[in-house]
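**Q** For reference, the structure I am asking about is given below.
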Amino acid sequence: MTTAQADSPLGRLIREQIRADGPLSLAQYMALALGHPKHGYYITRDPLGSAGDFTTAPEISQMFGEMIGLWCVDVWQSLGAPGAFRLVELGPGRGTLMADLLRAAGVVPAFRAALDIWMVETSPVLSGLQQKTLAAIKPPVHWTDHLASVPDGPAIFIANEFFDALPVRQFQMTQTGWRERMVGLEGERLILALAPDAPGAIVADLPRNAPLGAVGELSPDSLGIATELAGRIAAANGAALIIDYGPAESGLGDSVQAMKAHAFTDILANPGAADLTAHVDFARLARAARSAGAQTLGPVGQGDFLHALGIAARAARLAAKGGRAADAVTAALHRLTAPDQMGTLFKVLALTQAGHPSPAGFAPVTSSRRPP
Ligand code: SAH
């Protein structure tokens, strides 16, 4: 028995639940560890920055949010510069991206004037920080913990490192086909063990000929949100920008990981006290979005995307004064864009209405990218 499991109130609750109702799917475990209304990881803390467990692109440099601001203005103009539309951010962290985005977009006052801003956030701690960060923003910003409460209508949706925080189910190939990996108990210890029965229709989405022992992941929550975004865009126009880390093509493998104080840790050791993430399956997200009627662009590497939007020129301007600040700008540019840093592993996927011209940062639409 690890001490962390014994000491954590959420660990105790999870063990009680397993004793009462049987093993949890990995997705149920992740949902509790991250989002339990009292003890969930995101519910109880600000996980970001050097004092936290991980750092994200908007926290590395203001340039990240600024480039996304320029992207939003460009998309808004390509939509015919509507006088009223929504800007919606999913999982906005500390609100840094939104603040940088709005400052950069301030160069086009009509864009700012048209905005109705919505922040979709489940964490009371983080929405409190977002409110502080955006206190000076006019018109007012709305907060909700669920995308469903954001009114319909033309909108641009932004999600940076949001999808990687959504629960995944895992399956393992056995002699008798796919079996779900469940979180169960061995004495007082949480363990991963395979469910004895076949999981049903869900595994139709995984390759049937996977080698023995292979692990496949599916994130019904992620696909549900991609479907909802695509449906909204198809119906009312707009766009979505999804930035996260993961492969461009669906593959096999266990990508669920736990991070605590910038180091990897056992995913079962600290429920509620470590960040849990999974790689985002961009191909599946894009397929779900196309099935719901949207056009998808990319994914392209974060480095190529930011360079296409002019991040190098922005960095040069910010670094013009020289000195230590300039060194920090150069280091941030490298971290955000270099292939061995965040430039390739992190990818950018856009959703638009079918037939909409390619937004900035994406190659022209080919017919194969349009929905059938
Ligand atoms: N986008 C921010 C934060 C990334 S961390 C950045 O790049 O810095 C993940 C964010 O998603 C946090 O704000 C977390 O509280 C939020 N979150 C996680 N699960 C969520 C859910 N189901 N609905 C809404 N927000 C969620």
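The values are calculated or read from the model by the stated rules, or taken from the named source; none is laboratory data. Fair warning: this is a prediction, and the values are worked out from it, not measured in the lab. Cβ placement follows ideal geometry from the backbone for every residue including glycine, while neighbour counts extend to all protein chains displayed.
**Q** How many residues are under 27 Å from residue 238 (Cβ atoms) and touching a residue at least 24 places away in the same chain (Cβ under 8 Å) when one looks only at segment 279-327?
**A** Our first condition is that a residue be under 27 Å from residue 238 (Cβ atoms); within segment 279-327, this holds for 279-311, 314.
From what is left, the residues that are touching a residue at least 24 places away in the same chain (Cβ under 8 Å) are 279-286, 288-311, 314.
Of the residues in segment 279-327, 33 are under 27 Å from residue 238 (Cβ atoms) and touching a residue at least 24 places away in the same chain (Cβ under 8 Å).
**Q** Which pairs turn up if I take residues in segment 144-165 that are under 15 Å from residue 239 (Cα atoms) and look for partners that are of a type in the set (Asp, Glu) and near the ligand (Cβ under 8 Å from one of its atoms) with beta carbon separation below 7 Å, at least 6 apart in sequence or on another chain?
**A** 158/89
**Q** Same structure, new question: Hey, can you tell me all the residues within segment 94-120 that are near the ligand (Cβ under 8 Å from one of its atoms) and either more than 20 Å from residue 238 (Cβ to Cβ) or in a helix (DSSP H, G or I) (or both)? Reasoning before the result, please.
**A** From segment 94-120, those near the ligand (Cβ under 8 Å from one of its atoms) are 94, 96-97, 120; that's our starting set.
Scanning segment 94-120 gives 94, 96, 97.
**Q** Got at least one residue in segment 212-221 being over 21 Å from the mean Cα position of the chain (by Cα) and either crowded, with 17+ Cβ neighbours inside 10 Å or within 22 Å of residue 300 (Cβ to Cβ) (or both)?
**A** Going through segment 212-221, the residues over 21 Å from the mean Cα position of the chain (by Cα) turn out to be 212-215.
Then drop every residue that is not either crowded, with 17+ Cβ neighbours inside 10 Å or within 22 Å of residue 300 (Cβ to Cβ) (or both), which leaves 214-215.
Yes.
**Q** Looking at 148, 159, 135, can you tell me which residue is within 12 Å of the ligand (Cβ to nearest atom) and either loosely packed, with under 15 Cβ neighbours inside 10 Å or at positive phi (or both)?
**A** Values: 159 fails: either loosely packed, with under 15 Cβ neighbours inside 10 Å or at positive phi (or both); 135 fails: within 12 Å of the ligand (Cβ to nearest atom).
The match here is 148.
**Q** If residue 276 satisfies all but one of (1) among the aliphatic types (A, V, I, L, M); (2) outside any helix (DSSP H, G or I); (3) surrounded by fewer than 22 Cβ atoms within 10 Å (Cβ to Cβ), what's the number of the condition it fails?
**A** Result: residue 276 passes all but (3).
**Q** Of all residues in segment 294-320, which are basic (Lys, Arg) and modelled with pLDDT under 95?
**A** Quick first cut of segment 294-320, residues basic (Lys, Arg) only: 314, 317.
Correct list: empty.
**Q** Within segment 338-365, count every residue that is over 18 Å from the mean Cα position of the chain (by Cα) and charged (D, E, K, R).
**A** 1
**Q** Name the single residue, out of those in segment 31-71 being among the hydroxyl-bearing types (Ser, Thr, Tyr) and part of a helix (DSSP H, G or I), that is farthest from the ligand (Cβ to nearest atom).
**A** We begin by selecting, within segment 31-71, every residue among the hydroxyl-bearing types (Ser, Thr, Tyr); these are 41-42, 44, 50, 55-56, 61.
Now restrict to residues that are part of a helix (DSSP H, G or I): 41-42, 44.
On the way: 41: 9, 42: 4, 44: 11 Å.
My answer is 44.
**Q** Testing residue 74 on (1) within 16 Å of the ligand (Cβ to nearest atom); (2) charged (D, E, K, R); (3) over 30 Å from residue 40 (Cα atoms), one condition comes back false. Which one is that?
**A** Residue 74 satisfies every listed condition except (1).
**Q** Right, here's the next one. For segment 80-93, does any single residue satisfy the condition of being within 19 Å of residue 350 (Cβ to Cβ), assigned to a helix (DSSP H, G or I) and not polar (S, T, N, Q)?
**A** No, because not a single residue in segment 80-93 is within 19 Å of residue 350 (Cβ to Cβ), assigned to a helix (DSSP H, G or I) and not polar (S, T, N, Q).
**Q** If I filter segment 319-330 for residues that are of a type in the set (Lys, Arg), in a loop (DSSP other than H, G, I, E, B) and farther than 21 Å from residue 255 by Cβ, do I get at least one hit? Before you say what the answer is, go through the steps one by one.
**A** Taking segment 319-330 and keeping what is of a type in the set (Lys, Arg), we get 321, 324.
Next, from what is left, pick out any that are in a loop (DSSP other than H, G, I, E, B): 321.
Going one step further and asking which of them are farther than 21 Å from residue 255 by Cβ, we end up with 321.
Yes, segment 319-330 contains a residue that is of a type in the set (Lys, Arg), in a loop (DSSP other than H, G, I, E, B) and farther than 21 Å from residue 255 by Cβ.
**Q** Considering only residues that are of a type outside the set (D, E, K, R) and within 12 Å of the ligand (Cβ to nearest atom), look in segment 162-191 and name the one that is farthest from residue 120 (Cα to Cα). Walk me through how you get there before you give the answer.
**A** As a first pass, look at segment 162-191 and keep what is of a type outside the set (D, E, K, R): 162-163, 165-168, 170-178, 182-185, 187, 190-191.
Now restrict to residues that are within 12 Å of the ligand (Cβ to nearest atom): 162-163, 165-167.
On the way: 162: 10, 163: 13, 165: 14, 166: 14, 167: 17 Å.
The residue in question is 167.
**Q** Next up: Suppose the filter is in a helix (DSSP H, G or I), within 14 Å of the ligand (Cβ to nearest atom) and farther than 30 Å from residue 341 by Cα; does residue 10 pass it? First the steps, then the outcome.
**A** Numbers: in a helix (DSSP H, G or I): yes; within 14 Å of the ligand (Cβ to nearest atom): no; farther than 30 Å from residue 341 by Cα: yes.
Spelling it out, it is not the case that residue 10 is in a helix (DSSP H, G or I), within 14 Å of the ligand (Cβ to nearest atom) and farther than 30 Å from residue 341 by Cα.
**Q** What's the number of the condition residue 135 fails, among (1) part of a loop (DSSP other than H, G, I, E, B); (2) touching a helix residue (DSSP H, G or I) at 6+ places or on another chain (Cβ under 8 Å); (3) of a type outside the set (Val, Ile, Thr)?
**A** Single failed check for residue 135: (2).
**Q** Determine whether residue 63 is assigned by TED's automatic domain parsing to the domain that holds residue 267 and crowded, with 23+ Cβ neighbours inside 10 Å.
**A** Details: assigned by TED's automatic domain parsing to the domain that holds residue 267: no; crowded, with 23+ Cβ neighbours inside 10 Å: yes.
In short, no.
**Q** Ok, one more. Can you tell me which residue among 183, 203 is farther than 22 Å from residue 46 by Cα, in the same structural domain as residue 276 (by TED's automatic domain parsing), surrounded by 21 or more Cβ atoms within 10 Å (Cβ to Cβ) and not acidic (Asp, Glu)?
**A** Details: 203 fails: surrounded by 21 or more Cβ atoms within 10 Å (Cβ to Cβ).
Every option except 183 fails the conditions.
**Q** Another one. Give just the number: which of (1) surrounded by fewer than 20 Cβ atoms within 10 Å (Cβ to Cβ); (2) closer than 22 Å to residue 34 by Cα; (3) assigned by TED's automatic domain parsing to the domain that holds residue 30 does residue 209 not satisfy?
**A** (2) is the only condition that residue 209 fails.
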